[in-house]
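Q: If you scroll down you'll find the structure; I have some questions about it.
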Amino acid sequence: MYQTNMYEGMVAETITLPGFNGELINAYFARPLGDGPFPGMVLAHHMPGWDEWYRETTRKYAHHGYATISPNLYFRAGHGTPEDVAAKVRGDGGLPDDQAVGDLAGAMRYMRSLPYINGKVGIFGTCSGGRHAYLTACQVPGFDAVVDCWGGGVVMSASDLNSNRPVAPLDYTPDLACPILGLFGADDRSPTPEQVAQHEAELKKYGKNYEFHIYPDAGHGFFYYNRPNYRQQQAVDGWEKIFAFLGKYLASE
Amino acid sequence: MCTMIVKKVNIDGSGKGTAGWFNVNQANVSYDHPFHIPMEHALNIDFINEDLGPGARVAVELSEQAARSLVASILEVLDQAKAGGHLI
């Protein structure tokens, strides 16, 4: 934990890395200055885009000692303001799952190639990013922890499946190879508390290491201080739970 | 969570964006996360021209009630125009 007499420095910049199919995408990378070793984090941004909140969160993780990459999952939609690009993706019905997983896996591999990483890499996501984080952690070896914040669409009915989202993430649960922390709101409609319970039951069924919390008086996106669903107490507690969880599973051995 | 509820419609018209007027040839109508209106989900309409890039967008974000009122008003105005012989 940070103490006031500590030195602190950080570098935060845009980089380019190979994502899905080896295609180059851009990413925002923040890391503490120094030789490390630092644990790594990959952030899966939410449906509203590769926006300011995700840049801030990337730096927040770096402040807490994590080398952190937030890949631009909307890179192929073109460039403009984050809102305009996200609106284009919204109009297209969202991202293909395999593309998002490929980009997040690329960020993890890039992270692991760096000399100052301690060998541990986690993944975090909110909203659609929580779903993408879970999918990626299930499908791609190389993650040591996953944080799923209110990722809806993990539990999907057959009628929800389409060419972009052909398989419900829940079906990949047997393949999850790392601990998972899930943070959800009791008033959320996607995922509903019933869907969260179904997800939890599946994790339990397969003997996975999981920790789920459903916050009362919280809906979808209760970390977003710029949206009406922000819930101060729940958000503070949620961040404390995240850093406790990651400290446990991503610390240097 | 994103609903992914969206319909695209080809249209022909003009919209005024941040860089001035441009031809709009598509409208994306979604009920999903908005960017500005303080609601979790809203009826969003993006009037766009994909050939001009993501910035060629005129956006509105509406409550359900506002969207239904808008639809009714558009149809009412068109019916009135038709009744007045203004539609060719």
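Q: Between A:F243 and A:N226, what length comes free when the chain is fully extended (0.36 nm per residue of separation minus the Cα-Cα distance, one decimal in nm)? Can you show the working numbers first?
A: Values: separation 17, 0.36 × 17 = 6.12 nm, distance 2.20 nm.
Here the segment from A:F243 to A:N226 would lengthen by 3.9 nm.
Q: Please identify every one of the chymotrypsin sites (Phe, Trp or Tyr not before Pro) in segment A:4-99 that sits in a loop by DSSP and has no more than 16 other beta carbons within 10 Å of its own beta carbon. List each step's numbers first, then the result.
A: On the way: sites: A:Y7, A:F20, A:Y28, A:F29, A:W50, A:W53, A:Y54, A:Y61, A:Y66, A:Y74, A:F75; in loops: A:Y7, A:W50, A:Y66, A:Y74.
Counting only loop positions with at most 16 other Cβ atoms within 10 Å, the chymotrypsin sites (Phe, Trp or Tyr not before Pro) in segment A:4-99 are A:Y7.
Q: What distance in nm separates the two pseudo spin-label positions at B:D12 and A:Q3, each 7 Å out from Cα along the beta-carbon direction?
A: Once both label points are built, they end up 7.4 nm from each other.
Q: Between A:S252 and A:L114, take the C-beta separation as r, use R0 = 22 Å, and let me know the FRET efficiency to the nearest 0.05. If you can, show how the numbers build up before the last one.
A: Values: r = 15 Å, r/R0 = 0.66.
The calculated FRET efficiency here is 0.90.
Q: Test of understanding: express the Cα radius of gyration of segment A:1-160 as a ratio to 2.2 N^0.38 Å, with N the residue count.
A: Values: Rg = 15.4 Å, N = 160, 2.2 N^0.38 = 15.1 Å.
Normalised Cα radius of gyration, segment A:1-160: 1.02.
Q: Based on alpha-carbon centroids, what's the gap between segment A:1-67 and segment B:19-88 in Å, whole number please?
A: Using only Cα atoms, the two centres lie 37 Å from each other.
Q: Still on this structure: Using alpha-carbon positions, what is the distance between the centroids of segment A:101-132 and segment A:138-167, in Å?
A: Segment A:101-132 and segment A:138-167 have Cα centres separated by 15 Å.
Q: Could you give me the ³J(HN,Hα) list for segment A:179-194, computed from phi with Karplus coefficients 6.51, -1.76, 1.60 and θ = phi - 60°, whole Hz, x at Gly and Pro?
A: x, 10, 10, x, 10, 9, x, 5, 9, 5, 9, 7, x, 6, x, 5
Q: Can you give me the long-range amide H partners of B:I5? Hydrogens built in the peptide plane at 1.01 Å from N, cutoff under 5 Å, separation of 5 or more residues or another chain.
A: B:Y31
Q: Return the distance in nm (one decimal) between the two label points of a simple spin-label model at A:H213 and B:H36, each offset 7 Å from Cα along Cα→Cβ.
A: My value for the distance between the label points is 3.5 nm.
Q: At most 15 other Cβ atoms within 10 Å and a DSSP loop assignment: could you name the chymotrypsin sites (Phe, Trp or Tyr not before Pro) in segment A:133-207 that fit?
A: Numbers: sites: A:Y134, A:F143, A:W150, A:Y172, A:F184, A:Y206; in loops: A:F143, A:W150, A:Y206.
For chymotrypsin sites (Phe, Trp or Tyr not before Pro) across segment A:133-207 that sit outside H, G, I, E and B with at most 15 neighbouring Cβ atoms in 10 Å, the list reads A:Y206.
Q: Here's something else I'd like to know. Starting from 0.36 nm per residue, how many nanometres of slack lie between B:L52 and B:S69 once their C-alpha separation is accounted for? Kindly include the intermediate steps, with their values, before the conclusion.
A: Working: separation 17, 0.36 × 17 = 6.12 nm, distance 3.08 nm.
The span from B:L52 to B:S69 would gain 3.0 nm if fully extended.
Q: Something else: Can you tell me how much longer the chain between A:E52 and A:V236 gets when fully stretched, taken as 0.36 nm per residue apart minus their C-alpha distance, in nm with one decimal?
A: On the way: separation 184, 0.36 × 184 = 66.24 nm, distance 1.92 nm.
Full extension from A:E52 to A:V236 adds 64.3 nm.
Q: Then there's this: Over its Cα atoms, what ratio of radius of gyration to 2.2 N^0.38 Å does segment A:106-157 give?
A: Values: Rg = 12.0 Å, N = 52, 2.2 N^0.38 = 9.9 Å.
So segment A:106-157 has a normalised radius of gyration of 1.22.
Q: I need to check one value: relative contact order of chain A, counting alpha carbon pairs closer than 8 Å and at least 6 residues apart, in percent. Provide the component values of the computation, followed by the final result.
A: Working: 537 pairs, mean separation 41.0, N = 253.
Rounded, it is 16 percent for chain A.
Q: Shifting gears a bit: Give me a comma-separated list of calculated 3J(HN,Hα) values for segment A:51-61, in order, Karplus coefficients 6.51, -1.76, 1.60 applied at θ = phi - 60°, integers in Hz, x for any Gly or Pro.
A: Each residue of segment A:51-61 in turn: 10, 4, 4, 6, 5, 4, 5, 4, 5, 4, 5 Hz.
Q: Next question. What percentages, rounded to whole numbers, describe P(r) for chain B computed over all alpha carbon pairs with 10 Å bin width beginning at zero?
A: Reading the bins upward from 0: 17, 38, 36, 9, 1.
Q: Which percent of Cα pairs goes in each bin when the distances of the protein assembly as shown are cut into 20 angstrom slices starting at zero?
A: In whole percents, the pair-distance histogram is 30, 54, 14, 2, 0.
Q: In Å, what is the Rg of the alpha-carbon atoms in segment A:1-85, and how long is Dmax?
A: 14.0, 45
Q: Okay, next question. Would segment A:159-253 count as rounded, prolate or oblate if I go by the C-alpha gyration tensor, calling it rounded below 1.5 in a/c and otherwise prolate when a/b exceeds b/c, oblate otherwise? Walk me through the numbers before you get to the answer.
A: Details: a/c = 1.89, a/b = 1.11, b/c = 1.70.
Oblate, because a/c is 1.5 or more while a/b does not exceed b/c.
Q: OK, next. Per residue and in cubic angstrom, what volume does the convex hull of the Cα atoms of segment A:67-169 have? Mind dumping the intermediate values first?
A: On the way: hull volume 10.8 nm³, N = 103.
Given the Cα convex hull of segment A:67-169, per-residue volume reads 104 Å³.
All of the numbers you see were taken from the coordinates with simple rules; none came from a lab. Just so you know, these numbers come straight off a predicted model, no measurement behind them. A quick note on method: Cβ atoms are made from the backbone with ideal geometry, for glycine too, and the neighbour counts reach across all protein chains shown.
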